[in-house]
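As structure tokens, the structure follows; a few thoughts come after it.
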């Protein structure tokens, strides 16, 4: 996502939290080669959609999963825990 590629992900683990279906990529059911084939065919036949998904995926990766964002989230978490422990 962070390098600006379109994502096709299976709906397992946290994939659906990272990829927004129809916006930053395509989510397919696990163990579904037919769904994977359809998703690949869809993206191959729609370069504008592929580019739009790639751009949205990169923006989402930067906004939610960059090192700076993760560090800020952990800082917030630890400071909140510290505040509760000293209250």
Out of 50, 38, 60, any idea which swings most in a Gaussian network model of the chain, alpha carbons joined below 10 Å? 38
Relative contact order [Cα under 8 Å, 6+ residues apart], the chain, whole percent: 34 percent
Run lengths n ≥ 4 of DSSP H only: what is the helix-derived mean residue ellipticity at 222 nm for the chain, with -39500 (n - 2.57) per run over all residues, to the nearest 500? -20500 deg cm²/dmol
Specify whether the C-alpha gyration tensor of region 7-86 places it in the rounded, prolate or oblate class, a ≥ b ≥ c being the square roots of the eigenvalues: rounded for a/c under 1.5, otherwise prolate if a/b is larger than b/c and oblate if not. oblate
Once the Cα atoms of helix 47-65 and of the chain are each reduced to a long axis, what angle between those two axes, in degrees from 0 to 90 to the nearest 10, is obtained? 10 degrees
Rank 31, 52, 16 by mean-square fluctuation in a GNM of the chain with C-alpha springs under 10 angstrom and give only the top-ranked residue. 31
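Just check region 1-48 against the gyration tensor rule for me: Cα atoms, a ≥ b ≥ c as the square roots of the eigenvalues, rounded for a/c under 1.5, and otherwise prolate or oblate depending on whether a/b exceeds b/c.
Values: a/c = 2.16, a/b = 1.06, b/c = 2.03.
Oblate shape, in that a/c is at least 1.5 and b/c is the bigger or equal ratio.
As an exercise, use a Förster radius of 25 Å and the Cβ-Cβ distance of residue 34 and residue 58 to find the FRET efficiency, rounded to the nearest 0.05. Can you show the working numbers first?
On the way: r = 28 Å, r/R0 = 1.13.
After rounding, the FRET efficiency stands at 0.30.
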Compute the long axis of helix 67-86 from its Cα atoms, compare it with the longest principal axis of the Cα atoms of the chain, and write down the angle in degrees, 0 to 90, nearest 10. 30 degrees
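Bear in mind these aren't lab numbers, they're just calculated from the coordinates by the rules spelled out. Every value quoted in this text rests on a predicted model; they were computed, and no experiment measured them. When we count neighbours, we look across all protein chains shown, and the Cβ atoms used for this are built from the backbone with ideal geometry, even at glycine.
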